[in-house]
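Report on the structure given below.
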Amino acid sequence: MPPVNPVIIDRSRHTISRRRISSEALTVLHRLHDAGFLAYLAGGGVRDLLLNRTPKDFDIVTDAHPNQVKRLFRNCRLVGRRFRLAHVFFHNTIIEVATFRANLPADAPAAPEHLFQQRDGVIARDNVFGTPPEDAVRRDFTVNALFYNIADRSIIDYVGGLEDLDKRVLRVIGDPRVRFREDPVRMIRAIRFASALDFAIELEAWQAIQEMRDTITLASHERMYEEMLKLAFCGRAETVGEKLIQAGLFDVIFPAVGAWMKTLEGAGGQAWLFKALHQVDIWKKAGMLPDDELLWALLFGAYHEWVAERLVKDGWHPSRALGEAAHQHLMNPANCVRVPKRIAIGASQLMSAQASFERVQGKRAERFLRHRSFNDALVYFKFASGVTGRNKELLHTWLAIRRRDG
Ligand code: ATP
Ligand code: MG
């Protein structure tokens, strides 16, 4: 049973000021409240405001049912098949409004209408509408389960999230083993939040991750792709990389690269990977994000180049070998990540293009300079030169050519 007596921190005792909540979110909160409904800000928004960070978005929960929400807003659409959410549209933002829901515990009998068949045939449970405390405890981590109540601007804490926020620990709500079994992606989320917020993962959860890391293979690989992008672009990708490796998750998610990095020949692969992650963090800080193609080419460049070398020894042309190595690996179904085909193709073209840097003159070089993938290919070339010390002269020549003609 979820706790019913929350800790309530009234407005005079916390630091969230309405000025830091977006005007659109405030509009939605006030309209729900004025219509007599509970209206809470929830999730990452509350957590980030309390940490004095800028929230990515503001999610709202209410006891109004989706249809009641829809009636309150002209600019509103209901989305989601299994669980209906309301999207309220504003000029340049969308505010998501969810109705409080409960997570049926794995061992509770579910009514037939709350069971459904997933695409993979597994029978899963639906969410059902719930109360505020039920909605709090179905969330993943205590610091993600705080509510900001617009009615009196208090903070409502059913799960000890405020204390954990203070202590900077990421604590799973409930038994970590049970919660990771329900949704293995929570292990990845734990690593993302701990890294991005600079929190410690509570010991029991950390042990559970190490024990259960193999179950990450059960998560949808499409969803895992999205999660990997969130990890890469969370601003602390280097820390994420360390934690994924420490937890043993990296080897499960990317088995070929993981195994290779443990061999003598792949020993340098890890240093390359960390330099790439570090570079992504630098870009993120500067407000620039690499395209997905470039990201994947960079992270696994050492491995792709090593595979390509074997292919060249078997008689492949270097350019084709590089493209093939990247494509084969990024599309490898043994990875727990489904890289979209066009991204794998983009990364593979960018790798193939590396061979074109050898020719600095003539028609082909000119055509290369105008090619769509030239800029990303050059970023890779520059990065690889920095890591390995090779091609320094060529790099300077190309940088000069681009300054002149680019
Ligand atoms: P971010 O700043 O990255 O958006 P967030 O905490 O808002 O972080 P979201 O993925 O946007 O994370 O999810 C919003 C909220 O929904 C979370 O704070 C959490 O309370 C809940 N949530 C999301 N995913 C899960 C999950 N897999 N299991 C349980 N609760 C979840
Ligand atoms: Mg969010």
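Taking the Cβ of residue 405 as the centre, find all other residues whose Cβ is under 10 Å away and add up their charges (Lys, Arg: +1; Asp, Glu: -1). Can you show the working numbers first?
On the way: positive: 370, 402, 403, 404; negative: 366.
Taking every other residue near residue 405 into account, the sum is +3.
Can you tell me how much longer the chain between residue 71 and residue 223 gets when fully stretched, taken as 0.36 nm per residue apart minus their C-alpha distance, in nm with one decimal? Kindly include the intermediate steps, with their values, before the conclusion.
Values: separation 152, 0.36 × 152 = 54.72 nm, distance 3.22 nm.
Full extension from residue 71 to residue 223 adds 51.5 nm.
Using alpha-carbon positions, what is the distance between the centroids of the range 362-405 and the range 313-331, in Å?
Comparing the Cα centres of the range 362-405 and the range 313-331, I get a distance of 20 Å.
Would you mind working out the magnitude of the charge dipole of the range 248-405 relative to its Cα centre, with +1 at each Lys and Arg C-beta and -1 at each Asp and Glu C-beta, to the nearest 20 Debye? The partial results should precede the final answer.
Details: 22 positive and 15 negative charges, 112 e Å.
Dipole size: approximately 540 debye.
About the Cα centre of the chain, how large is the charge dipole given +1 on each Lys and Arg Cβ and -1 on each Asp and Glu Cβ? Please answer in debye to the nearest 20.
On the way: 58 positive and 48 negative charges, 306 e Å.
Charge dipole, the chain, about its Cα centre: 1480 debye, nearest 20.
Quick check on the range 248-405: take the gyration tensor over C-alpha atoms, sort the square-rooted eigenvalues as a ≥ b ≥ c, and tell me if it's rounded (a/c under 1.5), prolate or oblate.
Details: a/c = 1.65, a/b = 1.40, b/c = 1.18.
Since a/c reaches 1.5 and a/b is larger than b/c, the shape of the range 248-405 is classed as prolate.
Magnitude of the Cβ-charge dipole of the range 1-83, K/R +1 and D/E -1, about the Cα centre, nearest 20 debye? Display every interim value, and only then the final one.
Working: 15 positive and 7 negative charges, 51 e Å.
Magnitude of the dipole: close to 240 debye.
What does a probe at residue 167 reach in the range 2-39, counting residues whose amide N is under 17 Å from the point 7 Å along Cα→Cβ?
Residues passing the 17 Å test: 7.
Starting from the 7 Å offset along Cα-to-Cβ, what nm value, one decimal, do you get for the label separation of residue 230 and residue 56?
Once both label points are built, they end up 0.6 nm from each other.
Quick check on the exposure proxy: order 171, 342 from fewest to most C-beta atoms within 10 angstrom. Before the final figure, lay out each step's value.
Working: 171 23, 342 10.
The order, fewest Cβ neighbours first, is 342, 171.
Could you work out the local net charge near residue 78, counting Lys and Arg as +1, Asp and Glu as -1, over the other residues with Cβ closer than 9 Å to its Cβ? Show your work: numbers first, answer last.
Details: positive: 70, 77, 84; negative: none.
That sum, taken over residues with Cβ under 9 Å, equals +3.
Using only the alpha-carbon atoms, how far is helix 23-34 inclined from the longest principal axis of the chain? Give it as 0 to 90 degrees, nearest 10.
So the inclination is approximately 20 degrees.
Per the helix-only calculation at 222 nm, which mean residue ellipticity applies to the chain, given -39500 (n - 2.57) for every DSSP H run of n ≥ 4 and division by its residues, nearest 500 deg cm²/dmol? Could the numbers behind the result be given before it?
Values: 20 runs with 205 residues, N = 406.
Here the helix-only value at 222 nm equals -15000 deg cm²/dmol.
Among the lysines, which have Cα under 25 Å from the Cα of residue 167 when same-chain residues fewer than 8 positions away are ignored?
Answer for residue 167, where 25 Å is the Cα cut-off: 56, 230, 243, listed by chain and number.
In the range 248-405, if the dipole is taken from +1 on Lys/Arg beta carbons and -1 on Asp/Glu beta carbons about the Cα centre, which of 325, 365, 274 is farthest to the positive end?
365
Let me see the P(r) profile for the range 164-314: every Cα-Cα distance counted, bins of 5 Å, each bin given as a percent of all pairs.
Percent of Cα pairs in each bin: 2, 9, 17, 21, 20, 15, 10, 5, 2, 1, 0, 0.
Taking the range 248-405, how many lysine pairs are there with alpha carbons less than 20 Å apart, if each pair must be eight or more places apart or span two chains?
On the way: 262/275; 275/284; 275/285; 275/382; 275/392; 284/382; 285/382; 382/392.
The number of close lysine pairs in the range 248-405 is 8.
Would you please give the residues with an amide H less than 5 Å from that of residue 128, counting only those at least 5 places away or on a separate chain, with H modeled from the backbone geometry?
When sequence neighbours closer than 5 places are left aside, the close amide H contacts are 102, 104.
For the chain, take the convex hull of the Cα atoms, compute a quarter of its surface area, and give me that in nm², please. Don't skip to the answer; put the middle values down first.
Working: hull surface 93.8 nm².
Over every viewing direction, the Cα hull of the chain projects on average to 23.5 nm².
Taking the Cα of residue 259, stepping 7 Å toward and past its beta carbon, and measuring to each backbone N in the range 201-233: which are under 17 Å?
It comes to 214, 217, nothing else.
Taking other Cβ within 10 Å of each residue's Cβ, how do 284, 56 sort, fewest first? Intermediate values should be presented prior to the final figure.
Working: 284 17, 56 10.
So the ranking, lowest neighbour count to highest, is 56, 284.
Most fluctuating residue of 77, 47, 20 in a GNM of the chain with Cα springs under 10 Å: which is it?
Looking only at 77, 47, 20, the largest GNM fluctuation is found for 20.
Laboratory data are not the source of any read-out in this text; all were calculated from the coordinates shown. Note that the structure is a prediction, hence the values are computed from the model and not measured. A quick note on method: Cβ atoms are made from the backbone with ideal geometry, for glycine too, and the neighbour counts reach across all protein chains shown.
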